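The values are calculated or read from the model by the stated rules, or taken from the named source; none is laboratory data. Keep in mind that what you see is a predicted model, and the values were worked out from it rather than measured. Note: ideal-geometry Cβ built from the backbone for every residue, glycine included; neighbour counts use all protein chains shown.
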Amino acid sequence: MFKLRLAGHLGKTLAEIDAMDSREFSLWIAYSRWFRPLDDSWLQTAMLATCELAPHTKKTPTPEQFIPIEHNTPQHWSQIRATLERMKADLEG
């Protein structure tokens, strides 16, 4: 998963990341762990949604409520849709 995020961050293909020597790749891993994590667009968007909706909802939302994709397992589109429906219901209730 890190290779995919690094490729997206650097604007490179996976083949270009695979061609990277192990020293440079290790430096990127260390950089992302200790100094600045690679961008996570789902989390950034979730934080913005939380800030925007908090004053307008009965129950203060959390960023996790706006991330429809679980990081541990791939999901089928129908599972993502069901998650989005649950998120909508949580915000309305």
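Here are a few things to note about the model shown:
- Residue, modelled with the lowest pLDDT, within segment 1-60, restricted to residues that are of a type in the set (Phe, Trp, Tyr) and loosely packed, with under 10 Cβ neighbours inside 10 Å: 35
- Residue list for segment 56-67, filter: of a type outside the set (Asp, Glu), part of a helix (DSSP H, G or I) and over 14 Å from residue 92 (Cα atoms): 63
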